[in-house]
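The values are calculated or read from the model by the stated rules, or taken from the named source; none is laboratory data. Please read all numbers here as calculations on a predicted model, not as lab measurements. Backbone-built Cβ (ideal geometry, glycine too); neighbour counts: all protein chains shown.
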Amino acid sequence: MTEFTERTDDLDPPEREIGIGLISSFGEDAGGELYILDLGDGEVFRLVRAEPVVEGDLNGDCQVDFADLKILADNWMAGKETTQTPQRPGR
């Protein structure tokens, strides 16, 4: 292992009255979400990314760039089909 980040304090933040006391198990679901089981009181915690959401960032890399524009272009007009004819205002 070449890189390591200590996250112990992140799992027991001071602003919470009750934190994770006794980690007994952890797991990952099909969507890649990480869960931790607290043996002390049976709580299940889901770990979520704390990075800010960047408006327009379609691929989740915290940048709005050509990769996001490509996603937008590839999906342009790929929504629900409609049979209604659009009406201009005032007609």
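Quick one: which of L47, L37 is more than 30 Å from Q63 (Cβ to Cβ) and modelled with pLDDT of 80 or more? Selected residue: L37, the only one of L47, L37 that is more than 30 Å from Q63 (Cβ to Cβ) and modelled with pLDDT of 80 or more.
Residues of the stretch 1-27 that are modelled with pLDDT of 75 or more and loosely packed, with under 10 Cβ neighbours inside 10 Å: T2, E3, F4, T5, E6, L22. What pairs can you find where one residue is in the stretch 34-50 and farther than 14 Å from L22 by Cα, the other is assigned to a strand (DSSP E or B) and at pLDDT 85 or above, and their Cβ atoms are less than 6 Å apart, with a gap of 6+ or different chains? Close Cβ pairs (under 6 Å, with a partner that is assigned to a strand (DSSP E or B) and at pLDDT 85 or above) amount to L34/E28; R46/Y35; L47/L34. Residues in the stretch 60-80 that are acidic (D, E) and loosely packed, with under 10 Cβ neighbours inside 10 Å: D74 only.
Note on the stretch 51-73: among residues that are hydrophobic (A, V, I, L, M, F, W, C) and closer than 24 Å to D10 by Cβ, the one that is nearest to the chain's Cα centre (by Cα) is V53.
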